[in-house]
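Colleague: Just passing along the structure, written as structure tokens.
The values are calculated or read from the model by the stated rules, or taken from the named source; none is laboratory data. Predicted, not measured: the structure shown is a model, and the values here were computed from it. When we count neighbours, we look across all protein chains shown, and the Cβ atoms used for this are built from the backbone with ideal geometry, even at glycine.
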Amino acid sequence: MGKTTSIRELARRHYKHFVEINFIKTPSVKRAFDGDLDANTIILNLSAMGLGPFVPGQTLIFFDEIQECPNARAAIKFLVEDGAYDYVESGSLLGIHYKGEEDSDDEVGEVPSIPVGSEEIVEMYPLDFDEFLWSLGITEDIIDILRHAFTANKAVPEFVHEQIMRRYAQYMAVGGLPEVVADFVDNRDFSVVLKAQSDLLAGYRKDISKYAGKDKVLVKRIFDAIPAQLAKQNKRFVLADLEKGGSRRKYADPTQWLIDAGMAYYAIQTNALTLPLSNVENRRLYKLYLLDVGLLCNMSLPRQHFAIMNGDLGLNEGAMTENFVAAELVKKGYPLHYFDQKSKHELDFVMPTDDGIRIIEVKSGSDFRRHASLDYVLRKEQSIIADAVVLGNTNVEQTDRIRYLPLYMAMFF
């Protein structure tokens, strides 16, 4: 479910009255927040506009697209302190620092006062792969079989494995954005899926133009460059590829804007396998992944959904599979790091565990048992490595210190 659907369901189950205000759909409601921001004034203004009923203790008030009304977000502190009603805010790009009024002719400016202590932030991501399986009607019993195979290092029954690999190929083309998944489940028409993805990409570019202020050209340049950068062999994001002499000073803030907006994910380079990894980061070297593999598919391989559904990702196979794994890890709360030692030995993902460091190598082709860098590190860094995993087009296998897992099992880390 998307944010709005989830909130409406919450209201249906737990509240007698529900007031939904969408500041994009009904921009006139913003006038209710133009004057004093005390709770009595705001509720009176909203009631005068025909909204309600407002019954203390029985009403959930939902401010949707709240980024469009900075005063409403500032007022949350006073509304919550009043305690008469419960509130939910939802919106896009709430993690970013909005541009000031001087940068734009529209009405979206700085939030006058962030309501620290009055908001509980809940980040929502695209559906991960197990949620995608649920949407397709795959039962929890089947997912439990997969989870047991993951934890016990035992092969998945072959028929089940083949079926889940088919769904994995579908996910690579569809992705996990709720609107797109709903279109796929309801229609199974990829022209509808493609349009939904294209509309979302257009919406992201529009948001960049609206909210990124003076950096909007650079932010768009970075966003549009991610597929080509991931298609390279080492996948590292190189600013000089964007423009001659491109510098970190020029692009650092626009890149961070994309991260804060939730449109992309960082993977930071480390050249040492030492905990904590944050102490050995080299933040000047990084990879950028898109928030959703379906959008990457749309940008990289437009109108190739049939081929992708049949496992043919062509030259973009490595980029697609690595982006899929990166997004799965982010949704589980892991910060992304990759290991690169003097461009000789590179590992796709390294992460801390209770016992040391887990290494994850992502292999998209049939040669998933070839992993010279992993072999090197296992010889040199035995004491710190708690788990070595290769994700590839295979069933579950265990050989010596390496676990081979099907790509879809990235959902279980």
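Colleague: Given (1) modelled with pLDDT under 90; (2) in a loop (DSSP other than H, G, I, E, B); (3) farther than 26 Å from GLN341 by Cα, identify the lone condition not met by GLY176.
Modeller: Every condition holds for GLY176 apart from (1).
Colleague: Next question, about the same structure. Residues in the range 226-254 that are farther than 21 Å from ASP348 by Cα, part of a helix (DSSP H, G or I) and not aromatic (Phe, Trp, Tyr): how many? Can you show your working first?
Modeller: Within the range 226-254, the subset farther than 21 Å from ASP348 by Cα is 240-254.
With part of a helix (DSSP H, G or I) added as a condition, the list becomes 240-241, 248-254.
Narrowing further to those that are not aromatic (Phe, Trp, Tyr): 240-241, 248-250, 252-254.
Number of matching residues: 8.
Colleague: Another question, if that's okay. Just to be sure, is PHE190 modelled with pLDDT under 95, more than 26 Å from ILE7 (Cβ to Cβ) and surrounded by 17 or more Cβ atoms within 10 Å (Cβ to Cβ)? Break it down stepwise before answering.
Modeller: Working: modelled with pLDDT under 95: yes; more than 26 Å from ILE7 (Cβ to Cβ): yes; surrounded by 17 or more Cβ atoms within 10 Å (Cβ to Cβ): yes.
Criteria met by PHE190.
Colleague: Which one of ILE21, ILE76 is surrounded by 16 or more Cβ atoms within 10 Å (Cβ to Cβ), assigned to a helix (DSSP H, G or I) and β-branched (Val, Ile, Thr)? Spell out the reasoning first.
Modeller: Details: ILE21 fails: assigned to a helix (DSSP H, G or I).
After applying the criteria, what remains is ILE76.
Colleague: Continuing with this model, one more query. Is there a residue being in contact with a strand residue (DSSP E or B) (Cβ under 8 Å, 6 or more places away or on another chain) and among the charged types (D, E, K, R) anywhere in the range 186-194?
Modeller: Within the range 186-194, the subset in contact with a strand residue (DSSP E or B) (Cβ under 8 Å, 6 or more places away or on another chain) is none.
No.
Colleague: For the range 119-134: of the residues being hydrophobic (A, V, I, L, M, F, W, C) and part of a helix (DSSP H, G or I), which is surrounded by the fewest Cβ atoms within 10 Å (Cβ to Cβ)? Break it down into steps so the answer makes sense when it comes.
Modeller: Pass one, the range 119-134, residues hydrophobic (A, V, I, L, M, F, W, C): 121-122, 124, 127, 129, 132-134.
When the remaining residues are screened for being part of a helix (DSSP H, G or I), the result is 129, 132-134.
Values: PHE129: 25, PHE132: 24, LEU133: 23, TRP134: 13.
Out of the qualifying residues, it is TRP134.
Colleague: Right, something else. Please work out if VAL160 is of a type in the set (Val, Ile, Thr), in the same structural domain as LEU296 (by TED's automatic domain parsing) and farther than 25 Å from VAL325 by Cα. Walk me through it before giving the result.
Modeller: Numbers: of a type in the set (Val, Ile, Thr): yes; in the same structural domain as LEU296 (by TED's automatic domain parsing): yes; farther than 25 Å from VAL325 by Cα: no.
In short, no.
Residues checked against (1) within 30 Å of SER135 (Cα to Cα); (2) in the same structural domain as PHE339 (by TED's automatic domain parsing); (3) surrounded by fewer than 16 Cβ atoms within 10 Å (Cβ to Cβ):
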site	(1), (2), (3)
VAL185	yes, yes, yes
GLY203	yes, yes, yes
SER209	no, yes, yes
ALA212	no, yes, no
ASP215	no, yes, no
VAL219	no, yes, no
ASP224	yes, yes, yes
LYS232	no, yes, yes
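Colleague: Go through the range 177-215 and give me each residue that's over 21 Å from MET263 (Cβ atoms) and not basic (Lys, Arg).
Modeller: Narrowing the range 177-215 to residues over 21 Å from MET263 (Cβ atoms): 184-192.
Passing the criteria: PHE184, VAL185, ASP186, ASN187, ASP189, PHE190, SER191, VAL192.
Colleague: Now for a different question. Of all residues in the range 37-63, count the ones that are out of contact with any His (no Cβ under 8 Å at 6 or more places or on another chain) and surrounded by 20 or more Cβ atoms within 10 Å (Cβ to Cβ).
Modeller: Here the count works out to 5.
Colleague: Same structure, new question: For the range 234-279: of the residues being within 22 Å of LEU94 (Cα to Cα) and either polar (S, T, N, Q) or not assigned by TED's automatic domain parsing to the domain that holds ASN323 (or both), which is surrounded by the most Cβ atoms within 10 Å (Cβ to Cβ)? I'd like the intermediate steps shown before the answer.
Modeller: Initially, the range 234-279 is screened for residues within 22 Å of LEU94 (Cα to Cα), giving 251-267.
Keeping just the survivors that are either polar (S, T, N, Q) or not assigned by TED's automatic domain parsing to the domain that holds ASN323 (or both) gives 255-256.
Numbers: THR255: 22, GLN256: 15.
Filtering the range 234-279 for residues that are within 22 Å of LEU94 (Cα to Cα) and either polar (S, T, N, Q) or not assigned by TED's automatic domain parsing to the domain that holds ASN323 (or both), the one surrounded by the most Cβ atoms within 10 Å (Cβ to Cβ) comes out as THR255.
Colleague: Kindly indicate which of SER300, SER383, SER366 is hydroxyl-bearing (Ser, Thr, Tyr), buried (at least 18 other Cβ atoms within 10 Å of the Cβ) and modelled with pLDDT under 95.
Modeller: Values: SER383 fails: buried (at least 18 other Cβ atoms within 10 Å of the Cβ); SER366 fails: buried (at least 18 other Cβ atoms within 10 Å of the Cβ).
Matching residue, one of SER300, SER383, SER366: SER300.
Colleague: If you don't mind, there's one more thing I want to ask. More than 26 Å from PRO126 (Cα to Cα) and touching a residue at least 12 places away in the same chain (Cβ under 8 Å): which single residue out of HIS345, HIS337 fits that description?
Modeller: Details: HIS337 fails: more than 26 Å from PRO126 (Cα to Cα).
Exactly one of HIS345, HIS337 is more than 26 Å from PRO126 (Cα to Cα) and touching a residue at least 12 places away in the same chain (Cβ under 8 Å), namely HIS345.
Colleague: Within the set of pairs 6+ apart or on separate chains, which have a first residue in the range 191-210 that is assigned to a helix (DSSP H, G or I), a second that is surrounded by 18 or more Cβ atoms within 10 Å (Cβ to Cβ) and among the basic types (Lys, Arg), and C-beta atoms under 9 Å apart?
Modeller: Listed pairs, sorted by first residue: ILE208/LYS216; SER209/LYS216; LYS210/LYS99; LYS210/LYS216.
Colleague: Quick check on this structure: which one of GLN170, GLN197, GLN163 is within 21 Å of ALA307 (Cβ to Cβ) and touching a Phe, Trp or Tyr at 6+ places or on another chain (Cβ under 9 Å)? Explain how you work it out, then say what you get.
Modeller: On the way: GLN197 fails: touching a Phe, Trp or Tyr at 6+ places or on another chain (Cβ under 9 Å); GLN163 fails: touching a Phe, Trp or Tyr at 6+ places or on another chain (Cβ under 9 Å).
So the residue among GLN170, GLN197, GLN163 that is within 21 Å of ALA307 (Cβ to Cβ) and touching a Phe, Trp or Tyr at 6+ places or on another chain (Cβ under 9 Å) is GLN170.
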